[in-house]
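Comments concern the structure below.
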Ligand code: GLU
């Protein structure tokens, strides 16, 4: 029988991100007896936009690229979510990522819905000039499907503040002169100089560490002197590692698409981040011994921070893990089988829609500052982010304890109850 998701069938191993997202939703819907109509609506995104657009390469040739913007839900506010540049981007992945944004914003109690976008290509193979043309042509193709009160993109895997500024500038060029500055908030995660917020770049890593600190407090676990391992050393992983190490925690292994390293004395997150900035990956960093992916997953440690892509903690890798808790910096790093194995091993999981919500939370602050023509100090941003992460963590933990649910299901239940309430009040038109 169809589950209404439209995702391609498959059980356990090999489930794609959207099947995982649907399984998570269905589990939470059962746990809270979600209204059937609301459940049906949430199983599919509202809008799926796919564009094919040509871009001129530096050598004069043209390349046809495929871009996506999936708008999952906007009952809580404008669609919100990042844009990913990656060679594996595909429809079901972006659909999953868009749905996770809906839950994430609802968990955080910020007035946004969920969306995600992406272009299927490898940004590492392109010059800055090509990246600029790709971004601008994609923005043009999206046209009025985005907007500061409608759908607000942000950075994700393979994109950054510069990408967002190109997007903003292109969008501004399509509005009347006197409206240009009013639409600055069409995108968040911009550079500080072009209308971004203090603290946005580190926000996902910072938010994750605030959650780690709450977890540590709850479990009477000393972070000073503890060990952690990180998968993915991009924006999320590198900031989380740098901030955690300032609390006395030691990063003893790291793994990314270029290789894996281990050092019992601890890898220096700041120096490693600089190496990754220069070379594109952790491989070749002199501060640790080279290990295999399996050895990385098997490293005995206190905390594991997956901060790369989906479906990394699976039936194959979960049995290897020897950690006490997983804090999901990536979106969807744990599949359904992986999650069951973590539970059977007694490993705590703080799910993506809570653990990595610092990014979209500071995006919300950026959007507010743009609207009000304000600029908040870093202390103000951090303090507000801290308050919201602590509140969300404790709310999710309360739901988990009261209803005897795992943290992910509890986070979903909290999000879905808020969304369901709005559907009840507003009804379904006509
Ligand atoms: N791409 C980030 C995420 O997955 C940030 C989204 C945003 O700031 O809108 O949460």
Give me the pairs, please: first residue somewhere in the stretch 91-110 and farther than 19 Å from residue 385 by Cα and without any contact (Cβ under 8 Å) to a residue 60 or more places away in the chain, second residue anywhere and within 11 Å of the ligand (Cβ to nearest atom) and not in a helix (DSSP H, G or I), beta-carbon distance under 7 Å, and either six or more positions apart or on two chains. 94/116; 94/117; 94/118; 98/81; 98/114; 98/115; 98/116
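To keep it simple, each residue is scored yes or no on (1) more than 16 Å from the ligand (Cβ to nearest atom); (2) closer than 25 Å to residue 99 by Cβ.
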{"position": "367", "(1), (2)": "no, yes"}
{"position": "375", "(1), (2)": "yes, no"}
{"position": "378", "(1), (2)": "yes, no"}
{"position": "403", "(1), (2)": "yes, yes"}
For the stretch 321-338, which positions are within 25 Å of residue 100 (Cα to Cα), more than 16 Å from the ligand (Cβ to nearest atom) and part of a strand (DSSP E or B)? 325, 326
Among what's in the stretch 90-102 and is within 13 Å of the ligand (Cβ to nearest atom) and more than 17 Å from residue 364 (Cα to Cα), pick the residue that is nearest to the chain's Cα centre (by Cα). 97
Of everything in the stretch 151-185, what is closer than 30 Å to residue 309 by Cβ, more than 20 Å from the chain's Cα centre (by Cα) and either within 13 Å of the ligand (Cβ to nearest atom) or outside any helix (DSSP H, G or I) (or both)? Give them in sequence order. none
Could you list, in sequence order, the residues of the stretch 339-360 that are more than 20 Å from residue 219 (Cα to Cα) and more than 8 Å from the ligand (Cβ to nearest atom)? 339, 340, 341, 353, 358
Exactly one of 250, 245, 238 is surrounded by 15 or more Cβ atoms within 10 Å (Cβ to Cβ) and out of contact with any helix residue (DSSP H, G or I) (no Cβ under 8 Å at 6 or more places or on another chain), and that one is 250
Among the residues that make up the stretch 383-393, is at least one of them in contact (Cβ under 8 Å) with a residue 24 or more places away in the chain, within 24 Å of the chain's Cα centre (by Cα) and more than 15 Å from residue 356 (Cα to Cα)? no
Conditions: (1) away from the ligand (no atom under 16 Å from the Cβ); (2) assigned to a helix (DSSP H, G or I). Residue 60 meets all but one. Number of the miss? (2)
The condition of being under 30 Å from residue 140 (Cα atoms) and in contact with a strand residue (DSSP E or B) (Cβ under 8 Å, 6 or more places away or on another chain) holds, among 187, 282, only for 187
Taking the stretch 72-85 and the residues there that are within 13 Å of the ligand (Cβ to nearest atom) and in a strand (DSSP E or B), the one that is nearest to residue 168 (Cα to Cα) would be 83
Looking only at the stretch 305-328, count how many residues are farther than 23 Å from residue 401 by Cα and in contact with a strand residue (DSSP E or B) (Cβ under 7 Å, 6 or more places away or on another chain). 8
Under 6 Å between Cβ atoms, at least 6 apart or on separate chains: pull out the pairs that start in the stretch 347-358 with a residue that is touching a residue at least 24 places away in the same chain (Cβ under 8 Å) and end on any residue that is near the ligand (Cβ under 9 Å from one of its atoms) and assigned to a loop (DSSP other than H, G, I, E, B). 352/331
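Since every read-out is calculated from the coordinates, none of them should be taken as a lab result. Not measured: the values here are computed from a predicted model. Neighbour counts are summed over all protein chains in view; Cβ atoms, including those assigned to glycine, are modelled from backbone coordinates with ideal geometry.
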